[in-house]
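J.: Here it is, the structure, as structure tokens.
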Amino acid sequence: MPKFDKELDTSGLTCPMPVMKCKKTLQSLATGQVLHLMATDPGTKSDIPSLVGKTGDQVLETSEEGGKYHFYIKKG
């Protein structure tokens, strides 16, 4: 598990809320900081990497544990 600066739990929320909250949180981070995003919506498996590709940030690691998806995203 990478070290992270901020954690965002969007469990229970469905598309597009996890993506919107992720985007807003990433905008508040400084370059190089890492966001740990947790989500339960299966759509985030494709939506979050797509968002990150558009924003110029970087997905460091993804995992799934107990029905929760974990994303570690480095602000670009």
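J.: Rank-order 17-25, 65-73 by packing density, defined as the average count of other C-beta atoms within 10 Å over each peptide's residues, highest first.
T.: Listed from highest to lowest mean packing, they are 17-25, 65-73.
J.: Just to be sure I understand the model, the point goes 7 Å from the Cα along the line to the Cβ. What's the resulting S50 to H70 distance in nm?
T.: The two pseudo-label positions are separated by 2.5 nm.
J.: Which order do the peptides 1-7, 56-62, 32-38 take when ranked by the mean count of other beta-carbon atoms within 10 Å per residue, highest first? Working shown, then result.
T.: Numbers: 1-7: 11.6, 56-62: 14.4, 32-38: 17.9.
Packing proxy ranking, top to bottom: 32-38, 56-62, 1-7.
J.: Next question. Any idea how far apart S63 and Q27 come out in nm if each label point goes 7 Å out from Cα toward Cβ?
T.: 3.1 nm
J.: Right, something else. Ignoring ligands, DNA and RNA, what accessible area per residue does the stretch 1-48 give at 1.4 Å, in Å²?
T.: Per-residue value: 57 Å².
J.: Something else about it: So what's the angle, to the nearest 10 degrees on a 0 to 90 scale, between helix 44-55 and the longest Cα principal axis of the chain?
T.: Orientation of helix 44-55: about 20 degrees from the principal axis.
J.: Sticking with this structure for a sec: Roughly to the nearest percent, how much of the accessible area of the chain is carbon and sulfur, given a 1.4 Å probe?
T.: That fraction is 51 percent.
J.: Round to the nearest 10 and give me the degree value, 0 to 90, for the angle of helix 17-28's Cα axis relative to the longest principal axis of the chain.
T.: 20 degrees
The values are calculated or read from the model by the stated rules, or taken from the named source; none is laboratory data. Owing to the predicted nature of the structure, the values given are computational and were not obtained by experimental measurement. Neighbour counts run over all protein chains shown; Cβ positions are idealised from the backbone, glycine included. The protein model used for the area step is the full one, side chains on, heavy atoms only, and it has no ligands, DNA or RNA in it. Shrake-Rupley method; radii C 1.70, N 1.55, O 1.52, S 1.80 Å.
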